[in-house]
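J.: What follows is a single structure, and I will ask about it in a moment.
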Amino acid sequence: MYVFFRFLLGAIVALTVCFDADSSFAQGKPQLPWAQGRTLEYNAVNQDLKLLLRSIIRADGGFNIIIKPEVKGEVTVQFRKVPVAAAFNQVIEENNLDYTYAVREKTVTVFPRSGGRSLIRAFVTPAVAKFGAIQRALRTHGLGTDGLAFDASSNTVSIFGERGRVKDISDLIKQLDAAELQRLKLRQDKASKKEEQATQSRLAYAARVKADADKGKADAERRKAEFQQKLYARMLDFKVKVIRLRFASVSATDKKFQNKSFTVPGIEDTLQKILGLVPPGQQQSGNASAANTLARQTGLYFSGMASSGGSGGGAENPAYEAALM
């Protein structure tokens, strides 16, 4: 008797579909895009309810199905050339189930019925996730975008639909937002690390420049000290040699020959020109000044020795001594 009533119910549903009165549409449920004219032959004894629902949707082939984990149980059915839509609606009604349909994704979601469809609204405000990325993720995971609205001014996503679907969408948005926050933090950390490395490189370069400058300054001071030390040592270690001048004069002298006057350069001028101490033609005023200058620059010191007798004596032919240091 029980089997007879089940077959009778299936026949009634089938007749409703055949007369273009889809039971889902009549009950205010979303109308599914069933393929016209497709029937189902299927026998099952104590079969898993989820497997049966997937087999029915697979027989139509026009859309996908998502079955909530709360849908449980085993069923026994026998369909003989029953329209696919009628078989689906029969299983839904007999097992106290309900469903929603996402048009864009062509996906039907089946869930247990709890005193009618439980529709709620929820609001989620993502921190960084973009609404476009949220929509793409919802389509990828088969949740669809029906019932979603976005307010750009407050960056708030409004979700309206069955309670379980609303929760799934809210959880997915939160996960997307957390993942985007993590990626943003990684990018910021990478940028901060790069800036820190650049700062360290600049400090290291400045330290190298300063070290090179300090080393150059220290080398210059060292060379200066070595030079002063050598100069001081040279001043302490010198020899004096006395050269007696018999015929030459220290400074220039005027001579006459065949009633013509001419100037004979002295040793002082000659040495200055040879050593390049005074530019040619530059005369220094006074014999004492010239002698002192030559002494400071060359270490030559001259002293006059006016002799009253001996070879080369006389006031007009004085003798001199030169001290070479």
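J.: When we measure straight from the Cα of LYS193, which lysines land under 23 angstrom away, once same-chain ones fewer than 8 places off are left out?
T.: Reachable lysines: LYS185.
J.: Around GLY216, with a cut-off of 14 angstrom between Cβ atoms, what is the net charge of the other residues, counting Lys and Arg +1 and Asp and Glu -1?
T.: Net of charged neighbours comes to +3.
J.: Tell me which aspartates and glutamates have Cα within less than 17 Å of LYS72's Cα, excluding those fewer than 8 residues away on the same chain?
T.: Within reach: ASP48, GLU93, GLU94, ASP98.
J.: According to a simple spin-label model (label point 7 Å from Cα along Cα-to-Cβ), what is the distance in nm between ARG104 and GLN200?
T.: Those two pseudo-labels are separated by 4.7 nm.
J.: By counting other Cβ atoms within 10 Å of each Cβ, how are PHE111, PHE262 ranked from fewest to most?
T.: PHE262, PHE111
J.: Within straight cross-link reach of LYS230, meaning Cα distance under 29 Å, which lysines are found once same-chain residues fewer than 8 apart are removed?
T.: Once the sequence-local lysines are set aside, what remains near LYS230 is LYS215, LYS217, LYS239, LYS241, LYS273.
J.: Place the peptides 193-203, 151-161, 56-66 in order of packing, highest mean first, counting for every residue the other Cβ atoms within 10 Å and averaging per peptide.
T.: 56-66, 151-161, 193-203
J.: Here's another thing I want to ask about it. In nm, give the distance between the simple-model label positions of HIS141 and GLU226, each being 7 Å from the Cα along the Cα-to-Cβ direction.
T.: 7.7 nm
No value in this document is a laboratory result; all are computed from the given coordinates. Keep in mind that this is a model prediction, so the values were computed, not measured. We place every Cβ from the backbone using ideal geometry, glycine too, and count neighbours over all the protein chains shown.
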